Amino acid sequence: MNITTTHIDGVLVLQPKIFEDTRGQFFESFNKKELEEMLNRELNFVQDNYSISKRGVLRGLHFQAGERAQAKIVRVVSGRVQDVVVDLRPDSVTYGEYVSMELNANDRTMIFLPRGLAHGFLALEAHTEFLYKCDNYYHPDSERGIRYDDPSIGISWQLPSKDLILSEKDRSLPFLNSISL
């Protein structure tokens with residue numbers, strides 16, 4: 001697996017080695033030992049989440065606060081997304097900054113994000129299937145989020161606002177300057 005860093009500390013782009021022949025493709029999507037060696041830290045993923053979204057569905061920007069925070073590995077199984085990660089670590093030099101990149105089912109690229117970041121994605125194709133591994137269990141009382149259109153962050157989404165489909169909950173999330181971590 002090839003690993004590329006981003007400008008946000010700890011946010012990594014993971015590119016698996018894909019083996020292709022006349023039968024199709026094979027790749028290893030997760031290898032705990034190899035990834036721990038590359039990251040120089042122990043990983044303990046405990047939950048996989050899977051979503052299926054229509055084109056235009058924007059999910060996020062979500063995170064869990066405090067001791068319930070989650071590190072994640074995210075990837076697209078079918079379709080493609082604009083994936084966005086926002087740094088919420090108060091002591092980070094990149095606090096409030098974001099990484100945005102397209103993930104798709106063709107190149108199998110994944111993103112690793114450490115604890116302390118918000119995550120969201122925009123489905124760019126119909127029937128987009130998205131998978132994320134989490135290193136902490138979902139805990140409703142620790143669930144938080146920030147607005148997808150927060151002007152202090154300034155995310156440039158790949159679809160116009162009129163084409164976005166959001167839950168009422170995501171549409172009414174607070175702005176970054178009023179969240180509790």
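In the set (1) buried (at least 17 other Cβ atoms within 10 Å of the Cβ); (2) outside any loop (DSSP other than H, G, I, E, B); (3) within 12 Å of the chain's Cα centre (by Cα), the condition left unmet by ARG115 is number (2). Within the stretch 14-51, the residues that satisfy the criterion of being more than 17 Å from the chain's Cα centre (by Cα), under 17 Å from ALA71 (Cα atoms) and among the polar types (S, T, N, Q) are ASN31, ASN40, ASN44.
For the stretch 94-104, give me each residue that is under 15 Å from the mean Cα position of the chain (by Cα) and either aliphatic (A, V, I, L, M) or more than 15 Å from TRP157 (Cα to Cα) (or both). Steps first, answer last, please.
Keep residues of the stretch 94-104 that are under 15 Å from the mean Cα position of the chain (by Cα), which gives 97-104.
Passing the criteria: VAL99, MET101, LEU103, ASN104.
Pairs linking a residue in the stretch 14-34 that is within 18 Å of LEU103 (Cα to Cα) to a residue that is exposed (fewer than 12 other Cβ atoms within 10 Å of the Cβ) and of a type in the set (S, T, N, Q), with Cβ atoms under 9 Å and 6 or more positions apart or on different chains, are LEU14/ASN2; LEU14/THR4; GLN15/ASN2; GLN15/THR4; PRO16/ASN2; LYS17/ASN2; ILE18/GLN25.
Kindly provide the set of residues from the stretch 152-161 that are surrounded by fewer than 12 Cβ atoms within 10 Å (Cβ to Cβ) and at pLDDT 95 or above, ordered by number.
Residues of the stretch 152-161 surrounded by fewer than 12 Cβ atoms within 10 Å (Cβ to Cβ): 152, 154, 156, 160-161.
Once the filter is applied, which keeps residues that are surrounded by fewer than 12 Cβ atoms within 10 Å (Cβ to Cβ) and at pLDDT 95 or above, the stretch 152-161 yields SER152, GLY154, SER156, PRO160.
Here ASP83 meets the list (1) farther than 19 Å from ASP9 by Cα; (2) surrounded by 20 or more Cβ atoms within 10 Å (Cβ to Cβ) almost entirely, failing just condition (1). Remark: pairs (first residue in the stretch 38-53, touching a residue at least 12 places away in the same chain (Cβ under 8 Å) and among the acidic types (Asp, Glu); second residue surrounded by 13 or more Cβ atoms within 10 Å (Cβ to Cβ) and assigned to a strand (DSSP E or B); Cβ separation under 8 Å; 6+ apart in sequence or on different chains) = ASP48/LEU131; ASP48/TYR132; ASP48/LYS133; ASP48/CYS134. Among the residues of the stretch 30-52, not a single one is crowded, with 21+ Cβ neighbours inside 10 Å and over 24 Å from GLU20 (Cα atoms).
Across the stretch 118-144, the number of residues qualifying as assigned to a loop (DSSP other than H, G, I, E, B) and surrounded by 16 or more Cβ atoms within 10 Å (Cβ to Cβ) comes to 4. The C-beta contact set for the stretch 93-109 (first residue farther than 16 Å from ILE146 by Cα and in a strand (DSSP E or B), second residue modelled with pLDDT of 95 or more and among the acidic types (Asp, Glu), distance under 9 angstrom, 6+ apart or interchain) comprises MET101/ASP83; GLU102/ASP83; LEU103/ASP83; ASN104/GLU125. Just for the stretch 162-181: of the residues that are more than 24 Å from GLU67 (Cβ to Cβ) and not acidic (Asp, Glu), which one is surrounded by the most Cβ atoms within 10 Å (Cβ to Cβ)? Applying the filter and picking the extreme gives LEU166.
The values are calculated or read from the model by the stated rules, or taken from the named source; none is laboratory data. A quick note: this is a predicted structure, and the numbers were derived from the prediction, not measured. Quick reminder, even Gly has a Cβ in these numbers, built from the backbone with ideal geometry, and neighbours come from all protein chains shown.
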